[in-house]
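Beneath this line is the structure, given in structure tokens, with notes to follow.
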Amino acid sequence: MPDRKSRRAKVEDVHELALAMPHTTVERGSGDNPVYQVGGKSFVFFRNPRPDAVDPDTGERYPDVIVFWVGSEADKQAMVQDEGSPFFTTPHFNGHPSVLLRAARVGELSRQELAEVVQEAWLSRASARRAATWLKEHSLD
């Protein structure tokens, strides 16, 4: 049986992993969607269907888009340009340090890969002090 880290990720893992990061609070966005924040800054949130994220065949708005902050434009481009990656972006997010992921595609990631994305999102938004503390506590030394 695969261990918890290597198994396929689930949407519930997004919530669990985000809440596991220190100093995380949950606000409620429009549609009562969870918005995970650190120091009042969002790092993961669930979007309502929007006109910029649609099925290319039907034109229907995706109902299940999750937004993850990233550390840099280079990180974003690496994630969205990889053809094997489930991450994407839309023109609405040009210049915004974030990537999008449909909940329907979360299972294309392992739980460990998802954990790294959530951790990087948190690190990109946490204060320098909080990020340094977390990194020190989680170093692989």
(request) Quick one: in the stretch 87-141, of everything that is within 16 Å of Met21 (Cβ to Cβ) and among the β-branched types (Val, Ile, Thr), which residue is most open to solvent (accessible area, probe 1.4 Å)? (result) Thr133
(request) Please go through the stretch 23-39 and pick out each residue that is part of a loop (DSSP other than H, G, I, E, B) and open to solvent by less than 80 Å² (accessible area, probe 1.4 Å). (result) Gly29, Asn33, Gly39
(message) Let me confirm something: among Ser6, Ser42, which residue is part of a loop (DSSP other than H, G, I, E, B) and of a type in the set (Ser, Thr, Tyr)?
(response) Ser6
(message) Residue under question is Asn48, and the condition is that it be touching a helix residue (DSSP H, G or I) at 6+ places or on another chain (Cβ under 6 Å) and among the polar types (S, T, N, Q); does it hold?
(response) yes
(request) Filter the stretch 40-62 down to the residues that are surrounded by fewer than 13 Cβ atoms within 10 Å (Cβ to Cβ) and small (Gly, Ala, Ser), then identify the one that is modelled with the lowest pLDDT. (result) Gly59
(message) So, in the stretch 97-107, exactly how many residues are in contact (Cβ under 8 Å) with a residue 40 or more places away in the chain and part of a helix (DSSP H, G or I)?
(response) 4
(message) Just the residues that are touching a Ser or Thr at 6+ places or on another chain (Cβ under 9 Å) and hydroxyl-bearing (Ser, Thr, Tyr), please, taken from the stretch 81-101.
(response) Thr89, Ser98
(request) Filter the stretch 6-22 for residues that are in contact (Cβ under 8 Å) with a residue 12 or more places away in the chain and exposed (fewer than 13 other Cβ atoms within 10 Å of the Cβ) and give the result. (result) Ser6, Pro22
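The values are calculated or read from the model by the stated rules, or taken from the named source; none is laboratory data. None of the values given here were measured: they were computed from a predicted structure. Methodologically, a virtual Cβ is constructed for each residue, glycine included, from the backbone with ideal geometry; neighbour enumeration extends over all protein chains shown. For accessibility, only protein heavy atoms count, side chains too; no ligands or nucleic acids. Shrake-Rupley method; radii C 1.70, N 1.55, O 1.52, S 1.80 Å.
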